[in-house]
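The values are calculated or read from the model by the stated rules, or taken from the named source; none is laboratory data. Fair warning: this is a prediction, and the values are worked out from it, not measured in the lab. Cβ atoms come from the backbone with ideal geometry, glycine included; neighbour counts cover every protein chain shown.
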Amino acid sequence: MSNTLRILVAKPGLDGHDRGAKVVARALRDAGFEVIYTGLHQTPEMIVNAAVDEDVDAVSLSVLSGAHMFLFPEVIRLLKAKGASDITVFGGGIIPDDDIPKLEQSGVAKIFTPGASLTDITTWVRDCVKPTK
Amino acid sequence: MEQPKNDILKEYIAQKSWIYPPKPSMRLIGDMIQFATKEVPKWNTISISGYHIREAGSTAAQELGFTLADGIGYVQAGIEKGLDVDDFAPRLSFFFNSHCDFFEEVAKFRAARRIWARVMKDRFKAKNPRSWMCRFHTQTAGVSLTAQQPYNNVIRTTLQALAAVVGGTQSLHTNSLDETLSLPTEEAVTIALRTQQIIAEESGVAATIDPFAGSYFVENLTNEIEAAALDYIQKIDDMGGIINAIEKGYPQREIGNSAYLFQQQLEKKEKIIVGVNKYVVEETTDIPILTVDEKAEEIQIENVRRIKKSRNNENVKAALTRLKTAAKTSENVMPHILNCVREYGSLGEICDVFRDVFGEYHDPKWL
């Protein structure tokens, strides 16, 4: 088995703002991780199914639609229901500071906000994402 | 300048709000142009948009090349509907982004007018000078706004708005300083509006046309951007047109590459964003943020439920069935869409008719 972390970069919701998700996906790939990109218009169910099927170590959600307070907890709830709560969930987007502690309380490991550097993101993944069993 | 937001090609290229595959979507646009040319001749039929292309990460030259290539696609769609180019081309209009590099943006707007006039005259043999005009709306660059030191966004927006005005825009949208954090508050929108009014009423720049004409630097930059945009248009022509290029993922990949390159340049500080990678201060974002009441969703669902109970559902069904029949043939669907709307058919019901006939398009997941 390879020790390389596998990361699902996912884009939930109906909006098409995929610039950030794609840039982060490419940066993670260039940093040496195995990256799977879901494409647009994913439901939380689709994302969780893909995460389990692809046997990933982490799911990274990009949310710029304002629906982050629903989408992040829902993905975490569904991962738990599938017995896959060892998959790390992190992400980023247009997320007001006040919402970040609430998301962290719901089980999100890390939220990156506008201006975060690719180095910050790839370093955090290397340091903080634990391989699943 | 009033414009509908109905350019479908830029959706596949950049904004990614689509339902159907490119070819049937273009058929809907062709039907709309044909219908509007006859029935609403003074309406701006389509707003051919570079804004979203730029926001998705393109360069200025890519924005120009891909947008004008989309415009060429729509002119062809109108001609294929049997219309004379001069009957519909005067009502086509464009929508560009205004980004941070002041002179590059001015040169881009100038190059847009040059290229479009030549495309219409030489390629499509349009005779009416109004067909040669590249009329455009401009919006300042949302993507340039920063969450850090957010009041600096007023300055960015002012510079971008100024470039649009001296670049010759017909109308203007200035973004609000808080839009990198949420939908804007009333106060932030008012500052954005006042920015335009100060440019219009106080600065004097709107009293003249093309003030940088003859400047060696701006003329040279205009030539460079024109050449780069023409190169993209040529590449797309060589692929057999914009639909083929989109199906191959050509503009999508070019934009993705530019977005990634830009982010890498930021990390290396080859590009600077004040407050993000230079002049950074410790801060907590402390500006008013608009929150939308979640009840808005319930209210809208209730409205739709109420209308579906009170309308004549027999008539709705008949109108949707007629629309489906038209969609399956080459008949113009516009009158049938309007019948559905008059009977209070919902947008969802009308879209479902086309979903059944045309199928759905899915994200090719290109990185």
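Here are a few things to note about the model shown:
- Residue match in the stretch A:48-66 (condition: in a loop (DSSP other than H, G, I, E, B) and in contact with a Gly (Cβ under 7 Å, 6 or more places away or on another chain)): yes
- Qualifying residue in the stretch B:14-34 (condition: crowded, with 21+ Cβ neighbours inside 10 Å, on the phi < 0 side of the Ramachandran plot and touching a His at 6+ places or on another chain (Cβ under 6 Å)): yes
- Residue within the stretch A:87-96 that is buried (at least 16 other Cβ atoms within 10 Å of the Cβ), under 25 Å from B:Gln15 (Cα atoms) and more than 14 Å from every other protein chain (Cβ to nearest Cβ) present: yes
- Counting only residues that are within 14 Å of another protein chain (Cβ to nearest Cβ), surrounded by 17 or more Cβ atoms within 10 Å (Cβ to Cβ) and out of contact with any helix residue (DSSP H, G or I) (no Cβ under 7 Å at 6 or more places or on another chain), the stretch B:3-13 holds 1 of them.
- Per this entry, B:Gly214 is not counted among residues that are within 14 Å of chain A (Cβ to nearest Cβ) and more than 22 Å from B:Thr157 (Cα to Cα).
- Qualifying residue in the stretch B:309-321 (condition: within 14 Å of chain A (Cβ to nearest Cβ), surrounded by fewer than 16 Cβ atoms within 10 Å (Cβ to Cβ) and not small (Gly, Ala, Ser)): no
- On the stretch given as the stretch A:97-120, residues that are among the hydroxyl-bearing types (Ser, Thr, Tyr), facing chain B (nearest Cβ under 7 Å) and in a loop (DSSP other than H, G, I, E, B) total 2.
- Selection of the stretch B:274-292 for residues being β-branched (Val, Ile, Thr), crowded, with 16+ Cβ neighbours inside 10 Å and farther than 24 Å from A:Ala67 by Cβ yields only B:Val276.
- Taken across the stretch B:249-260, residues that are touching a residue at least 12 places away in the same chain (Cβ under 8 Å), in a loop (DSSP other than H, G, I, E, B) and within 18 Å of B:Thr180 (Cβ to Cβ) do not occur at all.
- Flag if B:Ala69 is farther than 26 Å from B:Lys121 by Cβ and not β-branched (Val, Ile, Thr): no
- Given (1) in contact (Cβ under 8 Å) with a residue 12 or more places away in the chain; (2) touching a strand residue (DSSP E or B) at 6+ places or on another chain (Cβ under 7 Å), number of the condition B:Lys365 does not satisfy: (1)
- Residues that are out of contact with any Pro (no Cβ under 8 Å at 6 or more places or on another chain) and closer than 25 Å to B:Lys278 by Cβ are absent from the stretch B:115-122.
- Restricting attention to the stretch A:34-47, the residues that are away from chain B (no Cβ under 13 Å) and part of a loop (DSSP other than H, G, I, E, B) total 1.
- For the condition touching a helix residue (DSSP H, G or I) at 6+ places or on another chain (Cβ under 7 Å) and among the aliphatic types (A, V, I, L, M), B:Val40 does not qualify.
- Residue in the stretch B:276-291 that is in contact with a helix residue (DSSP H, G or I) (Cβ under 9 Å, 6 or more places away or on another chain), at pLDDT 95 or above and part of a helix (DSSP H, G or I) present: no
- Condition check for A:Phe72: surrounded by 22 or more Cβ atoms within 10 Å (Cβ to Cβ) and more than 14 Å from chain B (Cβ to nearest Cβ): yes
- Residue match in the stretch B:336-353 (condition: of a type outside the set (Ser, Thr, Tyr), in contact with a Phe, Trp or Tyr (Cβ under 7 Å, 6 or more places away or on another chain) and away from chain A (no Cβ under 14 Å)): no
- Of the residues B:Gly241, B:Gly275, the single one that is of a type in the set (Gly, Ala, Ser) and within 12 Å of chain A (Cβ to nearest Cβ) is B:Gly275.
- Within the stretch A:18-32, tally of residues that are crowded, with 21+ Cβ neighbours inside 10 Å and either part of a loop (DSSP other than H, G, I, E, B) or of a type in the set (S, T, N, Q) (or both): 1
- Candidate set: the stretch A:82-96, residues that are assigned to a strand (DSSP E or B) and touching a His at 6+ places or on another chain (Cβ under 9 Å); chosen: the one nearest to A:Thr123 (Cα to Cα): A:Gly91
- Counting only helices (runs of 4 or more DSSP H) wholly contained in the stretch B:60-159, the ones carrying 3 or more residues that are modelled with pLDDT of 95 or more and crowded, with 20+ Cβ neighbours inside 10 Å occupy B:60-80, B:102-118.
- Put simply, of A:Leu79, A:Leu14, A:Leu5, A:Leu40 the only residue that is buried (at least 21 other Cβ atoms within 10 Å of the Cβ) and under 30 Å from B:Ile53 (Cβ atoms) is A:Leu40.
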